[in-house]
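Below is one structure, written out as structure tokens; comments come after it.
Every read-out reported here was derived from the displayed coordinates using simple, explicitly stated rules and does not represent laboratory data. Computed from a prediction, not measured in an experiment: that's the story for all the values here. Positions of Cβ are generated from backbone atoms using ideal geometry, with glycine treated the same way; all protein chains shown enter the neighbour counts.
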Amino acid sequence: MCWLAFALLLNACGSTNNENVLNITGSTSVAPFIEHLAEIYQQEHEGVTLNVQSLGSTAGVRAAIDGVAEIAMSSRNLDAAEAELLEQVVVARDALAVIVHPSNPLVNLEQAQVQAIFSGEVTSWAAFGGADKPIVLVVREAGSGTFGAFEELVMQGVPITPAALRQGSNGAIRQIVAEDPNAIGYISLGIVDSTVKAVAINGVEPSVAEVEAGNYTFVRPFLFVWQKNRPMSALATQFLEYTLGPAGQAELTRLGLVKGVTTR
Amino acid sequence: MKERAISIMLLVAALGALLALALITYFVFQSGLPLILEVGLWNFLSGTTWNPTADPPQFGLLPMIVGSLWLTVGSLVIGVPLGIAVAVFMVELAPPRLAQFMRPAIQLLAGIPSVIYGFIGLTILAPLLRSTFGGPGLSVLTGAIILGIMILPSIIAISEDAIRAVPRSLRDGALALGETHWQVISGIIIPTARSGIVASVILGMGRALGETMAVIMMIGNALIIPYSPLQPATTLTSNIGLELAYATGAHRDALFATGVVLFVLIMLLNGIATAFVRRPAFSRRGT
């Protein structure tokens, strides 16, 4: 861990004197969206530099606690100890979609069925009226925010089978599911496209509208966190306002996320 | 005076390389060893469950050790016969101009980034194996085939040198005794070049054991002990590569501890390789 803090520190050291530089670090799930916002923001504001680093939620939260990063991104809820030390705001929400191959006739799964599939209890598509083919599970690796959110929101304590294929990114899961007619996986709703099919959960379609209405429940927050009682730089304040403001929120929605709710 | 200055500079450079090795060794062991001692070496090596974020976490390396062995053996089964055959062909049978063309072409194979190999495995080979044999396609077999090709350049280059070093007199003598070309190759040349060929195999083995990026993309990374080459698996390296970015605390230490196990394995292999290379060919003077 310390080398990471050291690397971040070096980075921060080089720029602390410059009030036109803002370092944002953390979740790999959040980073692509914030990077996009940062690019727009930099185009609109001459001379400011926003560095968005994706190191994972936990590393980001750690960096915020240590004060190394002024703002950190997290794609999971803070635990009690972290919430003691950090301010947090939900910049957006992201739904987890369970995806299958487009040729798969499956349209709906109850949450208990999802648990049965991912725990390895049910191993054949015959159980869901499909052909008697083995179900190929594709999941994220332990420690990632998406994995943590899926465990918390969907599995609720039921362990995921070790026989599942593990991939290092949402994109990799999508690609495998798009190619394998027997595969099932989970990814951010934001990056579901026509190469895969997202199934309804408990009869509710995974869509931005259903998430906003509160019907679709596999939803996790994308957080900005920062040290409590630390005066925020002007640039950080402005970027935060931009992200939470109508322009930033519209952009995030356009990218497939769901609007954040204001401070929790 | 000038000579002395240059020799001191070279000494410093050499010590710098050694220092880097020492620092890496120290850092990996310092981060990994405490966890091995805490979990217990035997539990760590023989545990069948890897669940680093559970409460309490479980650190069992056996699935990955078996995965690494499967993959390494598989890639050798594919790469070694092919590599030795190519080396023999290039020295003994190929017209010189063809050999001259083949040599740089094979070296080029070593220059292809491993992520490209992985991509080919993922997008071309995996779907092919999936439609032929069923299963997920991402499997030990997919990884072994691609890795077998990846280790070809080192096997061919070193085997070729060893075969070329076989004294002309042995070859000519055997031919003069009326042996066919094939008998000379299989009975004289390969046995004489044996130590170099074995060294090339062990270097290839080291490469196969250490490859990470391509393996992550092709092997599926399931945390099970594979009992068939068509099943997915995880290797020691691919698990480190996959999980390190997000790991903190004991999880991170466990990945460094995985590194320690890998380190020891590769040191052993290198030791064996060095021993083979140093040993003089057994029949340099004929037997």
If you take the Cα Rg of chain B and divide it by 2.2 N^0.38 Å, with N the number of residues, what do you get?
1.18
If only Cα atoms are counted, what is the Rg of chain A, and what is its Dmax, in Å?
19.5, 64
Which of A:Met155, B:Met218 has the fewest other C-beta atoms within 10 Å, and how do the rest follow up to the most?
A:Met155, B:Met218
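How high is the relative contact order of chain A, in percent, counting Cα pairs under 8 Å that sit 6 or more residues apart?
Working: 502 pairs, mean separation 74.2, N = 264.
The normalised contact order for chain A reaches 28 percent.
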Residue among B:Leu69, B:Leu35, B:Leu11 with the largest mean-square fluctuation in a Gaussian network model of chain B, springs linking Cα atoms under 10 Å:
B:Leu11
For the B:Ala14, B:Ala165 Cβ pair and Förster radius 25 Å, calculated FRET efficiency rounded to 0.05 is 0.35
Distance between Cα centroids, region A:165-192 to region B:152-195: provide it in whole Å.
51
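Provide the three semi-axes, in whole Å and in decreasing order, of the ellipsoid equivalent to the protein assembly as shown as defined by the square roots of 5 times the Cα gyration tensor eigenvalues. Walk me through the intermediate numbers first.
Numbers: eigenvalues 489, 190, 91 Å².
With the √(5λ) rule applied to the protein assembly as shown, the semi-axes are 49, 31, 21 Å.
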If you add up the charges near A:Ser233, with Lys and Arg at +1 and Asp and Glu at -1, over every other residue whose beta carbon is less than 15 angstrom from its beta carbon, what do you get?
-3
Would you list B:Arg164, A:Arg140, A:Arg174 from fewest to most Cβ contacts within 10 Å?
B:Arg164, A:Arg174, A:Arg140
Could you please rank B:Phe27, B:Phe59, placing first whichever residue has the fewest other Cβ atoms within 10 Å of its Cβ?
B:Phe27, B:Phe59
Excluding residues fewer than 8 places away in the same chain, name every one of the lysines whose C-alpha is closer than 29 Å to that of A:Lys133.
A:Lys197
